Amino acid sequence: MKLDRKEIIRALETISVAGEGKNLVESGALQNVMTFGDEVVVDLILSNPALHIRKRAEVDVMKVIHEKVYEKAKVKVNIKVQAPEKKMPEIKGKAIPGIKNIVAVASGKGGVGKSTVTANIAVTLSKMGFKVGVLDADIYGPSIPIMFDVEAERPLSVEVDGKSKMKPVENYGVKVLSIGFFTKPNQAVIWRGPMAAKALNQMIFDAAWGELDFLLVDLPPGTGDIHLSIMQSLPITGAVVVSTPQNVALADAKKGVAMFRQESINVPVLGLIENMAYFTPEELPENKYYIFGKNGVKNLSEDIDARFLGEIPLVQSLRESGDIGRPAALQTATPLETAFEELTRDMVEETVKRNNDLPPTEAIKITTMAGCSAVKKK
């Protein structure tokens, strides 16, 4: 008996591969049917390599041909497994609607005044008329609430588009979120990386930031897990690195810049800021004492081809203003106000230039414990 190929295909349309949902023809599993008298050869391609799935497909094909076409047909089923290529799980940075620029403020080492600089840049941007927010990502040492005099405040819950969101605490025209709002003053945050990353993601994406021209992210010192978590979660517009002038701090600042410039991370460095550039006593305002060295960050900026955004003197009022929660940049007609205005203006200029000259920053995904690879935003 000569078998009809079309009749065989119609019969095969009545069965499906386990777990596929569609029949053999619709799913594309059926590749070819060949007939030779009472012999038939059926070629299948399956995506599931499991032995029981392949065996079930073979039995079903033989059974349906015997029942619906010819019970004495000699059936041979060739099965090839073509499993889809496994993809690494991607953690893509998502832009936050309404936020135009996200600037990371980093330092290679602790104690260089990074949070102080962040707070003062934030209030200076606000004085310039920008809408500003600060995300305190220094999980293990959150000091931004103290510097904005909102240590006792707690974010409220608001409803946005049917979803419950955290409303950032606001002072001096700056919206602030920090892990410090959710811990007691004498409570240490003892978290492993994944817990810290989860908390950060909640503060980033479960917050009602609203419209912002700048979101400043106060990163922890060094180059570690929190930094990668932030750059996984957010497409950072650019980074600012803060350092003091001495060689010990400069060596770590150089590593901080290198982290952002790593090919797999590729966050533009907007510039470097020198904090505690020199000491000026209040009674001798013209005197400058270079306690930690002179022009260290300025020279580093030239060496690594990054913009030197400016220097901030070490004066008593800068420390006092941070401790009482009123950033020094709010002062009027003082050298500190001038210094922060100049470096903030330069930072804004670099941000505008970066946005005009470069494509949006790509967020990253971690592929191995040894590094990262870039993932384009979609």
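Here, each number is a calculation from the coordinates, and none is a lab measurement. These figures come from a predicted structure and were not determined experimentally. Neighbour counts run over all protein chains shown; Cβ positions are idealised from the backbone, glycine included.
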Multiply the residue separation of GLU282 and PHE182 by 0.36 nm, subtract the distance between their alpha-carbon atoms, and state the gained length in nm to one decimal.
32.2 nm
VAL41 neighbourhood, Cβ < 14 Å, K/R = +1, D/E = -1, net charge 0
Picking from PHE260, PHE292, ALA11, whose Cα lies most toward the positive end of the charge dipole for the chain (charges on Cβ: Lys, Arg +1; Asp, Glu -1)?
ALA11
Place +1 on the Cβ of every Lys and Arg and -1 on the Cβ of every Asp and Glu in the chain, take the dipole about the Cα centre, and give the residue among PHE279, PRO97, VAL174 whose Cα lies farthest towards its positive end.
PRO97
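Provide the packing ranking of 155-161, 141-147, i.e. peptides ordered by the mean count of other C-beta atoms within 10 Å per residue, highest first.
Result, highest mean first: 141-147, 155-161.
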What net charge is computed for the residues neighbouring VAL241, neighbours being all others with C-beta under 12 Å from the C-beta of VAL241, Lys and Arg scored +1, Asp and Glu -1?
+4
What distance in nm lies between label points placed 7 Å from Cα along the C-beta direction at GLU341 and VAL160?
3.2
The chain: DSSP helices with Cα axial extent of at least 24 Å and average Kyte-Doolittle hydropathy no lower than -0.5
51-68
Expected output is a single nm value to one decimal: the length gained when fully extending between LYS76 and LEU51, i.e. 0.36 nm times separation in residues minus the C-alpha distance. What is it?
7.3 nm
